[in-house]
Amino acid sequence: MATTTLTRRVAAAPPLAPLAGTARLVRLALRRDRVLVPIWLAVFVVSAAGSAGATVGLYPTEASRVAVATTINGNPSFAALYGPILDPTSMGQVSLFKLSALGAALVGLLAVFLVARHTRAEEETGRTELLGAGVVGRWAPLSAALLVVVGTLVALALITAAGLAAAGLDVVGSLSFGLSWLVTGLAFTGIAAVAAQVASTSRGTKGLAAGVLGLAYLVRAVADGSPNGDLVGLRWLSPVGWSQELHAFANPRWTVVGLAVVFAATTVALAYALVARRDLGAGLLPDRPGAATAPRSLAGPVGLVVRLNRGSLLGWALGAALLSMVMGGLVANISGFVDENSRPFFEALGGTQGIEDAFMAAEWSFIGVFFAAFAIATLLRLRGEESAGRAEGLLATPLTRRRWASAHLLAALGGAVVLLTVAGVFGAFSTVRATGDPGWWGTVLGAAVVQLPAIAVVVGLTLVAVAFLPRLAVGVSWGSFTLFLLLGEIGPLLRLPTWLLEVSPFAHTPRVPGETVSVAQLGGLTVVALVLLVVGLAGYRRRDLAT
Amino acid sequence: MSPVIEIHDLSKSFGTVRALDHLDLTVERGEVHGFLGPNGAGKTTTLRVLLGLLRADGGTARVLDADPWRDVATLHRRLAYVPGDVALWPNLTGGEVIDLLGRLHGGTDLTRRADLLERFDLDPTKKGRAYSKGNRQKVALVAALASDAELLLLDEPTSGLDPLMEEVFRQVVAERLAQGVTVLLSSHILSEAEALSHRVSIIRHGRVVESGTLDELRHLTRTAVTVDVRAVPTGLTGLPGVHDVRVEPHGTGSRVTCEVDSDALTTLVDALAGAGVHGLTSAPPTLEELFLRHYSDDLAGVR
Ligand SMILES: Nc1ncnc2c1ncn2[C@@H]1O[C@H](COP(=O)(O)OP(=O)(O)OP(=O)(O)O)[C@@H](O)[C@H]1O
Ligand SMILES: [Mg+2]
């Protein structure tokens with residue numbers, strides 16, 4: 001029997017089409033995604049439709065919408081962080097302003113994760129190699145990944161549109177909003193496809209593409225945050241800005257979809273060209289030989305963990321410096337931002353100082369959540385090393401589990417401290433320079449410090465997940481993080497009960513400057529974090545190592 | 001002196017899968033102990049319990065007079081491990097990994113490191129992702145063999161090595177043995193165990209089914225005997241220790257083939273007296289047969 005299959009295989013082998021086996025890989029990928037992707041889609045759709053439904057009830061009249069939109073548009077922090085409301089009369093624009101640019105960026109992130117998962121990660125684990133030996137063409141893995149991701153994004157756009165229409169928004173507007181998410185998603189599918197060829201690990205792929213995403217978000221923040229809309233044209237440079245330029249719910253410009261399709265097609269073509277130029281498993285750049293001996297710093301768990309995380313920390317630190325510099329510069333322009341109509345409103349809020357404080361506080365609560373994501377990703381390496389089978393060899397040396405886990409905790413929390421310091425110092429520097437008021441030093445650094453306890457709680461939760469649910473740790477950590485983020489962003493709009501909103505550790509971070517800092521609240525967060533860390537460490541020490 | 005490894009009644013389940021089922025195993029100081037068994041028999045699980053990576057459900061395990069679950073830091077200073085499936089960091093070089101593992105152990109013997117790198121023909125400047133399976137294995141082998149460990153736990157250490165490197169591996173293990181090291185070597189290849197081991201344990205379905213020196217085990221095997229006789233003696237089939245008797249016409253007489261337990265050879269020879277033996281061949285007993293017998297029972301069990 002063996003002989004017959006062998007001869008048949010040999011006879012069929014030579015002219016293997018580059019796309020052969022794509023359909024099989026697509027089926028495989030869909031099977032792998034059958035739980036994860038529906039959950040993600042549901043989160044997106046429920047968030048959007050929930051926001052829409054709530055707003056329809058809250059602001060039924062045009063006058064009420066114009067009133068709230070004027071307030072929002074007059075607030076520069078909202079404009080910079082979420083983008084402005086383009087048409088104050090539009091129900092869709094008002095109800096979804098928090099989910100237009102931010103939502104599009106999250107869809108972009110989903111695209112990046114999915115592309116990395118179905119290209120680089122597959123190659124890394126050797127599965128592609130296994131398949132490649134069968135009847136799978138050179139371009140099949142990338143093609144299958146792209147088909148699956150684009151299909152997912154289109155489905156997301158259509159289901160979201162249906163959900164919005166069901167929630168009471170007009171059908172054409174709903175479709176345009178779905179497409180506005182698709183635009184950014186498609187662009188980052190292409191960007192991630194290129195990143196997957198350039199980087200040689202799935203972590204590197206995600207880092208590279210997510211870095212571009214962060215930059216794109218920042219560019220549009222600068223565009224929307226510029227006084228009098230001087231720089232609003234910059235939005236066109238950012239695939240996240242494109243989703244806004246589609247003007248969903250406000251005379252949609254459908255041609256923007258064409259722009260995104262052309263961009264995605266170009267980047268994908270580049271990715272195919274790169275596939276042809278590299279070896280399976282390798283990056284674009286050939287592997288250069290490295291050091292034959294380890295540097296003195298690579299002597300223990302901390303040295304190793306630092307070595308493994310330093311690249312991503314450096315990237316994040318650069319992003320943090322850039323973000324806080326830009327945001328700091330925006331503060332000085334805020335008075336110019338407030339137009340005459342909304343001035344009385346803001347005078348009531350405490351005048352310029354009040355607006356500046358509100359801007360700074362909003363910016364920092366964002367930064368806090370953002371850096372929590374860094375801390376989660378860093379700590380999850382503890383699990384990643386285990387599932388990759390590398391922890392086994394390390395823990396067979398005198399290295400104890402407690403020291404190994406502690407080293408990762410140090411990287412996650414220490415890394416967060418580094419990022420907060422960088423953002424604080426650069427933010428304070430640029431704010432002081434822009435306003436000429438050295439009082440900002442203390443204010444900004446204070447705003448940085450208070451973010452840490454909530455980050456520590458999230459890190460503690462991640463450790464507990466790694467300790468007690470190793471196989472689900474990645475999903476549980478990111479899932480709870482997304483939940484906290486959504487509770488903070490759209491929980492109040494959905495009129496969720498206070499106790500539920502306060503499940504999120506970020507709800508307990510004081511919004512500084514502006515709010516008084518409650519030592520009890522920060523202390524409470526710290527205690528919760530410590531308990532989670534102790535429980536997590538104990539649990540990680542007691543369980544079986546699981547691959 | 002107490003044994004280096006002493007396992008009694010060890011059990012470990014993963015959900016409904018019984019990976020170890022009341023396993024007993026003893027490894028004496030200074031020996032190479034071959035730990036043989038088919039896929040999924042429980043070899044890796046046993047080693048992981050001995051390393052404190054897995055917690056046993058029942059039974060006891062002592063390694064170098066320590067509790068492998070509790071005394072991790074002190075115990076692991078005295079042993080080294082080569083996993084069956086070596087995973088390296090994609091962007092650390094082999095040399096860096098060897099040094100890292102060495103330093104975690106408390107120091108690397110640089111001369112021995114250089115010597116091993118040369119003999120295993122391993123390039124330490126390559127990044128982890130660039131190594132082939134065999135070379136990844138060599139990285140772990142060099143790290144383990146360069147250490148000062150008293151006990152080496154090796155999980156299928158040669159599964160990715162070419163024959164030349166397998167030979168180098170055997171030599172190096174022999175040298176370390178001369179220095180007093182104890183080795184527990186898991187494998188499914190009998191010849192590897194035969195070449196290196198003093199004693200062998202065969203594990204199946206999470207239990208040790210045979211254990212002893214190679215001679216003792218050989219004793220358990222059967223000799224294949226072929227005899228050409230003029231007249232077939234009666235009562236051959238019923239003889240104790242004589243199995244699978246077959247008789248077929250051969251020339252003017254008959255040819256008898258059978259399998260004989262090692263201690264039943266005399267019985268057979270006595271029975272053949274007067275049968276007019278004019279040709280006799282006996283195939284030396286090999287462990288391979290014993291081994292395959294266990295493996296095929298295993299297959300039968302699965303079916
Ligand atoms: N983490 C785990 N979860 C579930 N089952 C496991 C796990 N580890 C091992 N097993 C099961 O336990 C049994 C013993 O596995 P083990 O890896 O110890 O076998 P082995 O003798 O090393 O096999 P091989 O020669 O293939 O390496 C197998 O049935 C295996 O499927
Ligand atoms: Mg094994």
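The values are calculated or read from the model by the stated rules, or taken from the named source; none is laboratory data. In this text, all values refer to a predicted model and were calculated from it rather than measured experimentally. Reconstructed Cβ throughout: ideal geometry from the backbone, glycine too, with neighbour counts over all protein chains shown. These accessible areas exclude ligands, DNA and RNA; they are computed on the full protein's heavy atoms, side chains included. Shrake-Rupley method; radii C 1.70, N 1.55, O 1.52, S 1.80 Å.
If a helix is a whole DSSP H run, which ones in chain B reach 20 Å or further along their own axis (Cα) and hold a mean Kyte-Doolittle hydropathy of at least 1.0?
Result, helices passing both filters: zero.
Looking at the square roots a ≥ b ≥ c of the eigenvalues of the Cα gyration tensor of segment B:5-213, which shape do they give, rounded for a/c under 1.5, prolate if a/b is larger than b/c, or oblate?
It is prolate, given that a/c is not under 1.5 and a/b is the larger ratio.
Taking a probe of 1.4 angstrom, what is the accessible area of A:S430 in Å², to the nearest 10?
10
For the pair A:N251/A:L472, report the inter-label distance in nm, with labels modelled 7 Å from Cα in the Cβ direction.
About 5.1 nm separates the two model spin labels.
Under a point spin-label approximation (7 Å from Cα along Cα-to-Cβ), what is the B:T252-A:V261 distance to one decimal in nm?
9.7
Am I reading the A/B interface right? What is its buried accessible area, both sides, 1.4 Å probe, to the nearest 100 Å²?
3100
Carbon and sulfur together cover what percent of the accessible area of segment B:5-213 at a 1.4 Å probe radius?
Of all accessible area on segment B:5-213, carbon and sulfur atoms account for 47 percent.
Okay, which of segment B:118-155 sit inside 17 Å, backbone N to the point 7 Å along the Cα-Cβ direction of B:A73?
none
Given R₀ = 22 Å, FRET efficiency for B:E118-B:A174 by Cβ-Cβ distance, to 0.05?
0.80
Rounded to the nearest 10 degrees, what's the angle between the helix A:36-58 long axis and the longest principal axis of chain A, both from Cα atoms, 0 to 90?
10
Sequence-distant or interchain residues sharing an amide H contact under 5 Å with A:S226, placed H: which?
Close amide H contacts, sequence-distant or interchain: A:L231.
For segment A:487-494, just list the computed ³J(HN,Hα) in residue order, Karplus coefficients 6.51, -1.76 and 1.60, θ = phi - 60°, integers in Hz, with x standing in for Gly and Pro.
4, x, 7, 10, x, x, 4, 7
Please work out the FRET efficiency for the pair B:H198 and A:L270, using the Cβ-Cβ distance as r and a Förster radius of 41 Å; give the result to the nearest 0.05.
That pair, B:H198 with A:L270, gives E of 0.10.
With axes computed from alpha carbons, what is the tilt in degrees of helix A:2-12 against the longest principal axis of chain A, rounded to the nearest 10 within 0 to 90?
Around 60 degrees separate the two axes.
Write down Rg/Rh for segment A:117-241, rounded to two decimals, with Rg from the C-alpha atoms and Rh from the Kirkwood relation over Cα pairs.
For segment A:117-241, the value is 1.09.
Can you pull the mean other chain C-beta count within 10 Å for peptide A:380-388?
For this peptide, the per-residue mean of nearby foreign Cβ atoms is 1.
Could you derive backbone 3J(HN,Hα) for segment A:181-192 from the dihedral phi with the Karplus parameters 6.51, -1.76 and 1.60 (θ = phi - 60°), listing whole Hz in sequence and x where the residue is Gly or Pro?
Each residue's phi maps through the Karplus curve to give 6, 4, 3, 5, x, 4, 4, 7, 4, x, 4, 5 Hz.
When Cβ neighbours within 10 Å are restricted to other protein chains, what is their mean count per residue of peptide A:299-307?
Across A:299-307, the average partner-chain Cβ count within 10 Å equals 3.
How large is the Kirkwood hydrodynamic radius of segment A:298-547, counting all unique pairs of alpha carbons, in Å?
It is 19.4 Å.
If the chain between A:R27 and A:D279 were fully stretched, how many nm would it gain, using 0.36 nm times the residue separation less the Cα-Cα distance?
Separation in residues times 0.36 nm, less the Cα-Cα distance, equals 88.2 nm.
How tilted is helix A:519-542 with respect to the longest principal axis of chain A? Cα atoms for both, answer in degrees (0 to 90, nearest 10).
With both axes taken from Cα atoms, the answer is about 10 degrees.
Run the quick spin-label model on A:L314 and A:L231: label points 7 Å from Cα toward the beta carbon, then report their separation in nm to one decimal.
Simple spin-label model gives 2.6 nm for this pair.
Which is farthest toward the positive dipole end of the protein assembly as shown among B:G206, B:V247, A:F429, measuring Cα position about the Cα centre, with Cβ charges +1 (Lys, Arg) and -1 (Asp, Glu)?
About the Cα centre, the residue reaching furthest to the positive side is A:F429.
Quick one: putting +1 on the C-beta of Lys and Arg, -1 on the C-beta of Asp and Glu, what dipole do you get for segment A:450-547 around its Cα centre, in Debye to the nearest 20?
Charge dipole of segment A:450-547: 300 debye, to the nearest 20.
For segment A:366-431, how big is Rg over Rh, using alpha carbon atoms and the Kirkwood form of Rh?
A ratio of 1.15.
For the protein assembly as shown, report the accessible area per residue in Å² (1.4 Å probe, heavy atoms, rounded to an integer).
Heavy-atom accessible area per residue stands at 43 Å².
Taking GluC sites (Glu not before Pro) as candidate sites, keep only those in a DSSP loop with at most 16 other Cβ atoms within 10 Å, then name the longest stretch of chain A containing none of them.
A:1-339
Output the Cα-based Rg and Dmax of segment B:222-284 in Å, rounding Rg to one decimal and Dmax to a whole number.
Final numbers for Rg and Dmax: 10.5, 31 Å.
Sequence gap at least 6, Cα distance under 8 Å: using those rules, report the relative contact order of segment B:15-75 to the nearest whole percent.
Reported relative contact order: 25 percent.
Please list 3J(HN,Hα) in residue order for segment A:113-122, calculated via the Karplus relation 6.51 cos²θ - 1.76 cosθ + 1.60 where θ = phi - 60°; whole Hz, with x for glycine and proline.
Per-residue couplings from phi come out as 4, 5, 4, 4, 4, 9, 10, 4, 4, 5 Hz.
Distances longer than 35 Å among the Cα atoms of chain A: what percent of all pairs is that?
Tail of P(r) above 35 Å: 39 percent of Cα pairs.
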